[in-house]
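One structure is given below, encoded as structure tokens.
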Amino acid sequence: MALLSILPDHPGPATHVMVIGVGSYPHLNGGSGPLAAENWNLRQLSSAPLSAQHFIQWLVKEYQNPAAPLASIEHLISSPHQVADAAGNLHESQEPIMANLYTAYKDWKKRAGSHPDNIALFYFCGHGLYNNNGTALLATDFADPEVDRIALNAVHVEGTVNGMLSCAARRQCFFIDSCRSVKTSWQEMMDSPGQPLGTAGVKNLSAAQQPIFYATGPTQVALAPAGEVSLFTKSLVEALQSLAAVNPDGDFINGQWVVDTSRIEEGVNTAIKMDLALRPWLEGPECYFGGSGKHFNLHHLPGRPAVPVVMGWDPSDLNQRASFEIHCAGAMVAQRPYVPPTPQPLEPWESRQPPEIYQVKAVLDNGYMVARQLILQPPMKRAIFTTPVVQPPHPPV
């Protein structure tokens, strides 16, 4: 067991988490062997352990839910990666081989099921495959040539989610950061898309809310640059920090901002698009929602979220001839002053501000100005200005 026990004696409802990050695959390309006869071009993953650690650090440092505070994190991350607690102490994780996943799942499910108002969170980052029967998440010992059944050391996502219906926790949420690739030879060899970590009978089933957030749609490939946190996990944390926030009572200034699971998909996709706009040579799929049941409040922000405001011109080459300003209640709160032209065109300017009513202004170098009012709230607001004619710059003095 590798467990961060944060509130071991908490008597009431709490949040219990299971985090899996698989970067080491001994039987796939680049592994320590023995290698599988068929490896489907799957390699070692440097991003997956980093992504799992990134998600854990958000949980430890920022997650808040007064009705169900964070109580435990079961973590299985490929070595040599460790997990830091709130005090910065490092804890050894556990190898995410299939046997360990079964044991950790059983313990996590038991803790999560200790109270019906608990929240159960499940996170996975690693290789994934897909067929018409669902999504398979590959454990470290996947494709062991000594194992006859190719799908034995893989987790069937949808079966595992169904198995959690026998858990008393009524609020459950699953984050699946993996490809959902279709490999013809793999489909021909497998007898199922992995194994459910648990099952549910026909009795004592809970009416659980079970949203699932996949990094990709069926048959698609996820994006995880080597040595970096994956695009999905990076965007997920941004969504949880601010982009998926909502204020139920409409009080932008004094109201409580929360992340409702109904807003996570839009928040993640907004973060993905903003990231890829700065790295146009990369391509990434959008977050894909699945699961069942009603949505619920997952996380409470400590204050107002920082919401992106993106300002620019159309045509975009005017960006390097412009200054941008953001005003609130008559005072300027942010500015990008005019920058002398550079060989590389400037991207639209981004500033992050709390939800509020703002006046934004864009001024070209010849004095041509456009201003407008905008109401800023998550996930973001884009203000792209246009000019009816091409504005010549001031002649040189």
_Tell me the mean residue ellipticity at 222 nm calculated for the chain from its helices only (DSSP H runs of n ≥ 4, each -39500 (n - 2.57), averaged over every residue, nearest 500)._
-5000 deg cm²/dmol
*What GluC sites (Glu not before Pro) in region 258-295 are in a loop by DSSP, with at most 13 other Cβ atoms within 10 Å of the Cβ?*
Glu283
_Dimensionless Rg over Rh [region 307-386; C-alpha; Kirkwood]_ = 0.95
_To check you understand DSSP bridge types, tell me what percent of the beta bridges within the chain (both residues inside) are antiparallel, rounded to 5._
60 percent
_Förster-model FRET efficiency, 45 Å R0, Lys110 and Arg382, C-beta, rounded to 0.05_ = 0.45
*Counting other C-beta atoms within 10 Å, which of Leu278, Leu243 has the fewest, and how do the rest follow?*
Leu278, Leu243
*Relative counts (whole %) of C-alpha pair distances in region 83-177, using bins that are 5 Å wide*: 3, 11, 19, 21, 20, 15, 8, 3, 1
*Return the FRET efficiency for the residue pair Gln82, Arg279: r is the Cβ-Cβ distance, R0 is 45 Å, and the value is rounded to the nearest 0.05.*
0.95
*asked:* Filter Lys61/Lys109; Lys273/Lys361; Lys361/Lys381 down to the pairs with a C-alpha to C-alpha distance above 21 Å, please.
replied: Lys61/Lys109; Lys273/Lys361
*Using the C-alpha gyration tensor of region 205-259, what are the square roots of 5 times its eigenvalues, in whole angstrom, with the largest one first?*
28, 20, 9
*Additional length obtainable on full extension of the chain from Leu374 to Ile357, 0.36 nm per residue less Cα span*: 5.5 nm
*Work the Kirkwood hydrodynamic radius out for region 152-245: mean of 1/r over every pair of different alpha-carbon atoms, inverted, in Å.*
15.4 Å
*So between Val221 and Ala331, what do we pick up on full extension, going 0.36 nm a residue minus the alpha carbon distance?*
35.0 nm
*Along the chain, longest interval not containing exposed chymotrypsin sites (Phe, Trp or Tyr not before Pro), exposed being DSSP loop plus at most 14 other Cβ atoms within 10 Å*: 1-280
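Considering Cα pairs under 8 angstrom that are at least six residues apart, work out the relative contact order of region 307-386 and quote it in whole percent. Display every interim value, and only then the final one.
Numbers: 174 pairs, mean separation 34.0, N = 80.
This gives 43 percent for region 307-386.
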*Cα-based equivalent ellipsoid of the chain: semi-axis lengths in Å, sorted from largest, via gyration tensor*: 43, 26, 17
_Ratio of the Cα radius of gyration of region 208-339 to 2.2 N^0.38 Å, where N counts its residues_ = 1.25
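Since every read-out is calculated from the coordinates, none of them should be taken as a lab result. Keep in mind the model is a prediction, meaning the values are calculated, not measured. Heads up, the Cβs are rebuilt from the backbone with ideal geometry, glycines too, and the neighbour counts pull from every protein chain shown.
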